[in-house]
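The values are calculated or read from the model by the stated rules, or taken from the named source; none is laboratory data. Fair warning: this is a prediction, and the values are worked out from it, not measured in the lab. Neighbour counts are summed over all protein chains in view; Cβ atoms, including those assigned to glycine, are modelled from backbone coordinates with ideal geometry. The protein model used for the area step is the full one, side chains on, heavy atoms only, and it has no ligands, DNA or RNA in it. Shrake-Rupley method; radii C 1.70, N 1.55, O 1.52, S 1.80 Å.
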2 protein chains.
Amino acid sequence: MSRPAVHPVEPPPLIDGRNDVVPPRRVRMKDVQGMPGTSTGLALRLCQVIFSVISLTVMATTSDFPSVTAFRYLVAAVGLQSLWSLSLAMIDVYALCVKRSLRNPALITIYAIGDGITSTLTFAAACACAGITVLISNDLNRCDINHCKRFMSATAMAFIKWLNRLKGNYRRAEQGSPQLVKVT
Amino acid sequence: MSRPAVHPVEPPPLIDGRNDVVPPRRVRMKDVQGMPGTSTGLALRLCQVIFSVISLTVMATTSDFPSVTAFRYLVAAVGLQSLWSLSLAMIDVYALCVKRSLRNPALITIYAIGDGITSTLTFAAACACAGITVLISNDLNRCDINHCKRFMSATAMAFIKWLNRLKGNYRRAEQGSPQLVKVT
């Protein structure tokens, strides 16, 4: 029968009465809302998943998207983004359920690199699609034979997803960057 | 007759023999190559100016660029980028000539915000132009009636300018973020 693992807590160091014996200092990261393993972080992550999936669905259900390279690229980029955000959201849910902290520097570095790559890819794809959508609708006036509204919606969702990431970063910056707080 | 200003150095605090009088600590920023006011920073800045101006010139000398919104946007973005980079390069040259330090936190924040805005605008414009150029050349095969090579060159230069900024950021990150070093 499996049961939840119990993470043992170190016993407090023994003080033997002398003043010169100082217990060793332990270092842990400050609790910052919006970071992995917090409820705000999970909410932001779920917003990313929702917007990415809407963008992917709207673009992928358009009949003529495979004929344009930029639209195919958008589908690939938001597909990757949804998978990445979904897996991190699942890790966040797990961390919240078992009340374990995900705030360790190595993990946050991996998250930041992954977020940076997927976010840049999505932004680039959204810009390329926006350029083509504006070309079709404003410059060529060919909205009668193209699905301009669908292209615009998919692009807008990709941009909102990117802004959502920026908002997460801003929230983190506002509350201070990940800091090591010394706990005696 | 004007002459270069001499910046007076504070006299060292007088120690009057007692052990409990400690001179006040002064704080200055660490000297990091690639930051404003250093020769590497100036070189990176000049590369930005050169690539932006080439991109601007190539795109603006194409006869049909005003008919496409994304190309007009690229011209505006790299124009703004060249003005911004040129003014910062001139400030860097001045700082190097008079050997004054530009490494103060407020100035570096302004530089970082300005760089972030211009760089994001240039990247978005380059992505939009890349999307349209690929549409014209690969998807529609209309390079015979369009200046594909010029569009590609202008887009490539804008991307190189953006990578140049990334390189600058990486160099700064590699040598440590701006840190305050305590000088006794």
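Which one of these is free of Cβ contacts under 8 Å to residues at least 24 places away in the same chain, farther than 18 Å from B:Ser87 by Cα, within 12 Å of chain A (Cβ to nearest Cβ) and surrounded by 21 or more Cβ atoms within 10 Å (Cβ to Cβ): B:Leu135, B:Leu140? Result: B:Leu135 is the single residue among B:Leu135, B:Leu140 that is free of Cβ contacts under 8 Å to residues at least 24 places away in the same chain, farther than 18 Å from B:Ser87 by Cα, within 12 Å of chain A (Cβ to nearest Cβ) and surrounded by 21 or more Cβ atoms within 10 Å (Cβ to Cβ).
Pull up segment B:105-132, narrow it to residues that are polar (S, T, N, Q) and either surrounded by fewer than 17 Cβ atoms within 10 Å (Cβ to Cβ) or touching a Leu at 6+ places or on another chain (Cβ under 7 Å) (or both), then point me to the one that is nearest to the other protein chains (Cβ to nearest Cβ). Spell out the reasoning first.
To start, the set of residues in segment B:105-132 that are polar (S, T, N, Q) comprises B:109, B:118-120, B:122.
If we keep only those that are either surrounded by fewer than 17 Cβ atoms within 10 Å (Cβ to Cβ) or touching a Leu at 6+ places or on another chain (Cβ under 7 Å) (or both) as well, we get B:109, B:118, B:120.
Values: B:Thr109: 12, B:Thr118: 15, B:Thr120: 8 Å.
Only one residue tops the list, namely B:Thr120.
Filtering B:Ser101, B:Ser82 for residues that are open to solvent by 60 Å² or more (accessible area, probe 1.4 Å) and either hydroxyl-bearing (Ser, Thr, Tyr) or assigned to a helix (DSSP H, G or I) (or both) leaves a single hit, B:Ser101. Can you tell me which residue within segment B:50-60, out of those that are more than 27 Å from A:Arg142 (Cα to Cα) and either touching a residue at least 60 places away in the same chain (Cβ under 8 Å) or not β-branched (Val, Ile, Thr) (or both), is nearest to the other protein chains (Cβ to nearest Cβ)? Residue satisfying both the conditions and the ranking: B:Ser55. Looking at segment B:49-61 only, could you name the residues that are of a type in the set (S, T, N, Q) and surrounded by 19 or more Cβ atoms within 10 Å (Cβ to Cβ)? Result: B:Ser52, B:Ser55. Scanning segment A:85-98 for residues that are farther than 22 Å from A:Met157 by Cα and open to solvent by less than 50 Å² (accessible area, probe 1.4 Å) turns up A:Asp92, A:Ala95. Quick check on my filter: what residues within segment A:143-157 are touching a residue at least 60 places away in the same chain (Cβ under 8 Å) and either facing chain B (nearest Cβ under 8 Å) or part of a loop (DSSP other than H, G, I, E, B) (or both)? Across segment A:143-157, the qualifying residues are A:Asn146, A:His147.
A:Ala154 - would you say it is among the small types (Gly, Ala, Ser) and either open to solvent by 50 Å² or more (accessible area, probe 1.4 Å) or farther than 21 Å from A:Val49 by Cα (or both)? In short, no. Considering segment A:63-79, and only residues there that are more than 14 Å from chain B (Cβ to nearest Cβ) and either surrounded by fewer than 17 Cβ atoms within 10 Å (Cβ to Cβ) or free of Cβ contacts under 8 Å to residues at least 12 places away in the same chain (or both), the residue that is nearest to A:Asn146 (Cα to Cα) turns out to be A:Ser63.
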